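> Could you have a look at this structure, given as structure tokens, before my questions?
The values are calculated or read from the model by the stated rules, or taken from the named source; none is laboratory data. A quick note: this is a predicted structure, and the numbers were derived from the prediction, not measured. We place every Cβ from the backbone using ideal geometry, glycine too, and count neighbours over all the protein chains shown.
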Amino acid sequence: MNLLDDCTILSLVKVPETRERGFRLLVEQYQKRIYGVIRKMVIIHEDANDITQNTFVKAFRNIDKFKAESSLFTWLYRIATNESLNFLEKKKKRFFLQIDDHEKKMANYLDTSPHIDGDAIQVLLQKILLKLPEKQRLVFNLKYYEELSYEEISRITETSVGALKASYHHAVKKIEKEIKGE
């Protein structure tokens, strides 16, 4: 698949006759990356699929409000991260999960799921990431896995660059402590 620029996709979406085609191209272009960010936050494949779908439904409903002050990628990531954080918050409230119980459940899923691929070190890192506060985990995932700049993450999360640097620094320190067994 050839990557299209945002202007091409938006021009297709803005015309009623090509709206569906434009949106389909938007989904094809960004779905894997959006799913990846969501999956790293919620861990469970089925939940990540649902949240990915919700992200694109929300984007479809609100595409006319998109002002192109950021890239489509940044806008979609903002929707995806908000959807992920809201999902995790609702899940904890709905099941009255203690943070430790939720962390153990997700760690068990990492050990037993056929949907998790990767070597033991990646699984260990994912388990350690579960112990981080959700915002720190999000910042770490966007910086480490997605290789986004602090400026891009700032636009996605609507958080200052300084606060993001602090979150990332704290996340790295906590990960290092866990790896060392401290």
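> Which of the following residues is modelled with pLDDT under 85, outside any helix (DSSP H, G or I), more than 16 Å from the chain's Cα centre (by Cα) and not aromatic (Phe, Trp, Tyr): 116, 179, 128, 121?
116
> Sticking with this one: Residues 43, 79, 51, 63: which one is buried (at least 18 other Cβ atoms within 10 Å of the Cβ) and farther than 25 Å from residue 139 by Cβ?
Result of the check over 43, 79, 51, 63: 63.
> Determine whether region 20-37 contains at least one residue that is on the phi > 0 side of the Ramachandran plot, surrounded by 15 or more Cβ atoms within 10 Å (Cβ to Cβ), of a type in the set (Val, Ile, Thr) and at pLDDT below 95.
Within region 20-37 (the criterion being on the phi > 0 side of the Ramachandran plot, surrounded by 15 or more Cβ atoms within 10 Å (Cβ to Cβ), of a type in the set (Val, Ile, Thr) and at pLDDT below 95), the answer is no, since none of the residues qualifies.
> Looking only at region 132-176, filter to residues that are among the β-branched types (Val, Ile, Thr) and assigned to a helix (DSSP H, G or I); which one of those is surrounded by the most Cβ atoms within 10 Å (Cβ to Cβ)?
Only one residue tops the list, namely 139.
> Confirm whether residue 54 is under 30 Å from residue 127 (Cβ atoms) and without any contact (Cβ under 8 Å) to a residue 40 or more places away in the chain.
yes
> Further, regarding this structure: So which of 26, 12 ends up being part of a helix (DSSP H, G or I), in contact with a Ser or Thr (Cβ under 8 Å, 6 or more places away or on another chain) and more than 23 Å from residue 86 (Cα to Cα)?
Values: 26 fails: in contact with a Ser or Thr (Cβ under 8 Å, 6 or more places away or on another chain).
Result of the check over 26, 12: 12.
> Would you pick out the residues in region 72-103 that are modelled with pLDDT of 80 or more and either over 16 Å from the mean Cα position of the chain (by Cα) or aliphatic (A, V, I, L, M) (or both)?
Within region 72-103, 72, 76, 79, 80, 85, 88, 90 qualify.
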